[in-house]
Amino acid sequence: MTRRLKIAVVVVLGLAALTAVAYAVVTRTTRSWAERDLELRAQLAVTSARRGLSRAWRADDREALADVLADVTRDIRIMGAAACSPTGSSVATTESYPPSLPCSRLASRIPRSALGDATSLEPLHETTDIHGGSVHLSALPFRDGSSMLGFVVLVHDLSFVARRETAARTLLLAAFVVLAIAGAFLTWLAGRMARRDWTRELRRVLAGEEDRPEYAPLLRDVRELVSRMVVESDADATGGRWTPERLRAVMHQRMHGERLIVLANREPYVHQRDASGALTVLHPASGLVTALEPVMRACSGVWVAHGSGSADRETTDTSNRVRVPPGEESFLLRRVWLGEEQEQGYYYGFANEGLWPLCHLAHTRPTFRSDDWQHYRAVNRRFAEAVAEESDCDDPIVLVQDYHFALVPRMLREILPRATILSFWHIPWPNAERFGICPFREEILEGLLGSSILGFHTRQHCGNFLDSVDAYLESRVNRAEQTVVQHARETLVRPYPISIEWPPRLGPAVPSPTECRARVLDELRLPADALIGVGVDRLDYTKGIEERLLAVERLLEREPPLVGRFTFVQLAAPSRTRISRYRELDERVEALVTRINERFASGTYRAVVYLREHHEPDTVQRYYRAADVCYVSSLHDGMNLVAKEFVAARDDERGVLVLSHFTGAARELTEALIVNPYDIEEASGALSLALRMPSSEQALRIRAMRELLAELNVYRWAGRMLLDAERLRRRERLTGRISTSWQALAVER
Ligand code: ADQ
């Protein structure tokens, strides 16, 4: 049944019920009015015939009495009348008086006072049925002075009441039909007029002739849709899905082949010397690197990052540069060196003990120290200068990445006022109230507003940022356009949900899912029919690793047959271990794993296999491809690329993703089993469901998610930002609005 039909049925049923109620009320009221009317009429008829009745009754002249009664019954509604003695014997009746209502029957029902004597009779009025019809009878005591002669009975025909009721019912129904038609017509008319007015208003607002705040959300959606359509139409121009080739073409055709400069704290390749002294290259466990590295391979350019590896210095040239990826060498990595104290204050202190917990709702208190802030500022300036050194023109395109560099956009704009600065905040942005607890909030906001475009994963994070600017800065926030104007310069604030490369770069080195499974079973000494769950994370308190393990424990508790058969493998790369909160998490996870394993121990069986170390991409892929279920349980996460990587790894269309509602990914991967990670019962239920899910359903879900990832890949993420930047550059060039104020500001300094 369609929604409209349902509404119509409900309305009709409602009207019918209303009519039935109204009908019952009207019938009852008409009847009681008619009865009351008859009682009064009976009283009146007897009173007017009182003299004749008294005379004939006293004289015991029954014939005369019958005549008087016959006079009374001349009223056509009175069927008959009778005069009865107090004891119930008939004194006189009219011819038409119904014999089924003898005086004797009525006498016993006439109410009397407690005295019970003949002087105490009281009137009786009632409606009764005779010969299939309804009559109303009134038995009225009749006295002559102080002596009670008896009672006079008047029987009224009630068929006129039935006729009145029928008339009232017909009238009521007609009134309802007329009202319903009139009501429907008026509603339709009002709706049409309202729609016409609304459309006119909306057109005026869209044309910019009127400013109506209540239309702001709608306008924002329309504008975003239009800009998305423009991007999509650009897509058609160069063709289909976003690929590395298409991204490269955008750079060459639209950005005139200008080289891209990426600034990120983490470098994509870390050179290390292992214990034996051999040189190794490590791929860091970082969502940012996972996303940005394919973009750089496609576009080339230079990646500016902190050189953190033990062999980083010896592998760079005199300008602190090295070509990467090893063997491919498609872009440059420029390393910036930081002293121990600087790294401590800027990276561990301000970025990871201050901003990280500030932006994640994961119950860890942010710590802000002014020393850390000084280091953060100094290091941001250092990186801004390094980016400027890497720039070979005065209007480079710079991609500033993440919360480590909130001040860089403004610093860079002071050095290069014409630069196109695209900043992306990889973690959530908190609401204004929470952001307000940061003692350096104004400087951070001002820093970010040096960007041409500022991107977040979700619309909600964009909204939170605009609210924060509104609350703490002197600036003009345009919510409809999603822009902020400060120092006569505009920053676009937009959602660009990040993703992974597609097609996934599994490469020949990664064996088939069957081989991966066989290898994992062998490595972990598991039986052939084992069920495998997997979790892959940096060891971070935002990832909900403890909650995940508790859900595994609960699963085994509620489903004992899984004990000995289900094993959960947790890959956890140690992260930020110089921070006490991370060391504490490390200990707690270790203790939890031990407790769960002891609880379900039998023979060599371990419920949880905890692989606490960094793993190279091949190993991570092997576990993704071997697993029956992957559980991503973040308590709060910008996007979470592990969820997307798992789906990408399953080209066999098997495996189930259980995904926390609090990740950006949950908005896109809706075919995953979405759970609240805090709700251990719900999460363990989802794990159980995942392990029992038929392979046909697994395939349907994974296929749908893979199709989505093929469309919304990281090349599209970068492409959309670059196309927006290109439009901005074109507009600025055309209108000559390259900020003079910033130039002036730069000269002043
Ligand atoms: P991260 O917090 O790093 O990213 P995520 O997006 O899940 O989180 O990426 C983690 C990456 O590290 C994945 O590529 C994963 O394969 C890898 N990894 C995890 N554990 C590993 C291990 N033990 N060994 C080796 N590799 C491991 C931040 C934000 C996210 C956002 C990304 C990208 O916190 O919300 O999705 O940036 O914007």
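Whether any residue in segment 621-636 is part of a loop (DSSP other than H, G, I, E, B), surrounded by fewer than 24 Cβ atoms within 10 Å (Cβ to Cβ) and more than 12 Å from the ligand (Cβ to nearest atom) is what I want to check.
Just the residues of segment 621-636 that are part of a loop (DSSP other than H, G, I, E, B), to begin with: 627-628, 633-636.
Now drop any that are not surrounded by fewer than 24 Cβ atoms within 10 Å (Cβ to Cβ), which leaves 628, 635-636.
The next check asks that each one be more than 12 Å from the ligand (Cβ to nearest atom); those that pass are 628.
Scanning segment 621-636, I find at least one residue that is part of a loop (DSSP other than H, G, I, E, B), surrounded by fewer than 24 Cβ atoms within 10 Å (Cβ to Cβ) and more than 12 Å from the ligand (Cβ to nearest atom), so the answer is yes.
Got at least one residue in segment 283-299 being away from the ligand (no atom under 16 Å from the Cβ) and in contact with a strand residue (DSSP E or B) (Cβ under 6 Å, 6 or more places away or on another chain)?
The initial filter retains those residues of segment 283-299 that are away from the ligand (no atom under 16 Å from the Cβ), namely 298-299.
This time we only want the ones that are in contact with a strand residue (DSSP E or B) (Cβ under 6 Å, 6 or more places away or on another chain), so: 299.
Yes: segment 283-299 contains one or more residues that are away from the ligand (no atom under 16 Å from the Cβ) and in contact with a strand residue (DSSP E or B) (Cβ under 6 Å, 6 or more places away or on another chain).
For the condition in the same structural domain as Val153 (by TED's automatic domain parsing), of a type outside the set (A, V, I, L, M, F, W, C), in contact with a helix residue (DSSP H, G or I) (Cβ under 6 Å, 6 or more places away or on another chain) and not in a strand (DSSP E or B), what is the one hit in Thr19, Thr29?
On the way: Thr29 fails: in contact with a helix residue (DSSP H, G or I) (Cβ under 6 Å, 6 or more places away or on another chain).
So the residue among Thr19, Thr29 that is in the same structural domain as Val153 (by TED's automatic domain parsing), of a type outside the set (A, V, I, L, M, F, W, C), in contact with a helix residue (DSSP H, G or I) (Cβ under 6 Å, 6 or more places away or on another chain) and not in a strand (DSSP E or B) is Thr19.
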Pairing a residue in segment 533-554 that is part of a helix (DSSP H, G or I) with any residue that is of a type in the set (Phe, Trp, Tyr) and buried (at least 20 other Cβ atoms within 10 Å of the Cβ), where Cβ atoms lie under 6 Å and the two sit 6 or more apart in sequence or on different chains, gives Arg548/Tyr631; Val552/Phe568
Quick one: Thr316 ticks every box in (1) surrounded by 13 or more Cβ atoms within 10 Å (Cβ to Cβ); (2) touching a helix residue (DSSP H, G or I) at 6+ places or on another chain (Cβ under 7 Å) except a single one, so which number is it?
(2)
Considering only segment 669-684, I want to know if a residue exists there that is within 16 Å of the ligand (Cβ to nearest atom) and under 23 Å from Leu526 (Cβ atoms).
no
Complete set of residues in segment 562-601 that are within 21 Å of Val658 (Cα to Cα), assigned to a helix (DSSP H, G or I) and within 16 Å of the ligand (Cβ to nearest atom):
Val589, Val593
Quick one: how many residues across segment 169-208 are farther than 30 Å from Glu481 by Cβ and either within 40 Å of the chain's Cα centre (by Cα) or surrounded by fewer than 10 Cβ atoms within 10 Å (Cβ to Cβ) (or both)?
14
Per the list (1) within 26 Å of Asn713 (Cα to Cα); (2) outside any helix (DSSP H, G or I), residue check on Pro677 breaks on (1)
Answer residue from segment 353-381, given it is farther than 13 Å from Arg410 by Cα and among the charged types (D, E, K, R) and is surrounded by the fewest Cβ atoms within 10 Å (Cβ to Cβ) among those:
Arg365
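Would you point out which residue out of Val387, Val400 is away from the ligand (no atom under 16 Å from the Cβ) and either assigned to a helix (DSSP H, G or I) or buried (at least 23 other Cβ atoms within 10 Å of the Cβ) (or both)?
Working: Val400 fails: away from the ligand (no atom under 16 Å from the Cβ).
From the options Val387, Val400, the qualifying one is Val387.
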Considering each residue of segment 667-706, count those that are within 28 Å of Pro560 (Cβ to Cβ) and of a type in the set (A, V, I, L, M, F, W, C), and give that number.
12
Qualifying positions in segment 637-667 - of a type in the set (A, V, I, L, M, F, W, C), in contact with a strand residue (DSSP E or B) (Cβ under 7 Å, 6 or more places away or on another chain) and more than 10 Å from the ligand (Cβ to nearest atom):
Val647, Val656, Leu657, Val658, Leu659, Phe662, Ala666
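Determine if segment 687-704 includes at least one residue that is among the charged types (D, E, K, R), surrounded by 20 or more Cβ atoms within 10 Å (Cβ to Cβ) and touching a residue at least 24 places away in the same chain (Cβ under 8 Å).
Applying the first criterion (among the charged types (D, E, K, R)) to segment 687-704 yields 692, 697, 701, 703.
Of the ones still in play, those that are also surrounded by 20 or more Cβ atoms within 10 Å (Cβ to Cβ) are 701.
Pick out the ones that are also touching a residue at least 24 places away in the same chain (Cβ under 8 Å) and you get 701.
Yes, there is a match, as at least one residue in segment 687-704 is among the charged types (D, E, K, R), surrounded by 20 or more Cβ atoms within 10 Å (Cβ to Cβ) and touching a residue at least 24 places away in the same chain (Cβ under 8 Å).
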Within segment 236-282, residues within 36 Å of the chain's Cα centre (by Cα), within 16 Å of the ligand (Cβ to nearest atom) and either of a type in the set (S, T, N, Q) or not in a loop (DSSP other than H, G, I, E, B) (or both) come out as Val262, Leu263, Asn265
Would you mind telling me which numbered condition in (1) within 16 Å of the ligand (Cβ to nearest atom); (2) within 25 Å of Cys359 (Cβ to Cβ); (3) part of a loop (DSSP other than H, G, I, E, B) Glu613 fails?
(2)
Is there a residue being without any contact (Cβ under 8 Å) to a residue 12 or more places away in the chain and surrounded by 11 or more Cβ atoms within 10 Å (Cβ to Cβ) anywhere in segment 86-94?
no
Of the listed residues (Val536, Val510), the one being within 16 Å of the ligand (Cβ to nearest atom), in the same structural domain as Arg612 (by TED's automatic domain parsing) and under 19 Å from Val647 (Cβ atoms) is Val536
Just to be sure I understand the filter: pairs with C-beta atoms under 7 Å, separated by 6 or more residues or on different chains, first member in segment 129-153 and farther than 19 Å from Ser96 by Cβ, second member of a type in the set (Lys, Arg) and at pLDDT 80 or above. Which pairs pass?
Asp144/Arg58; Leu149/Arg143
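The values are calculated or read from the model by the stated rules, or taken from the named source; none is laboratory data. Computed from a predicted structure; not experimentally measured. Note that we place each Cβ from the backbone using ideal geometry, even for glycine, and neighbour counts take in every protein chain shown.
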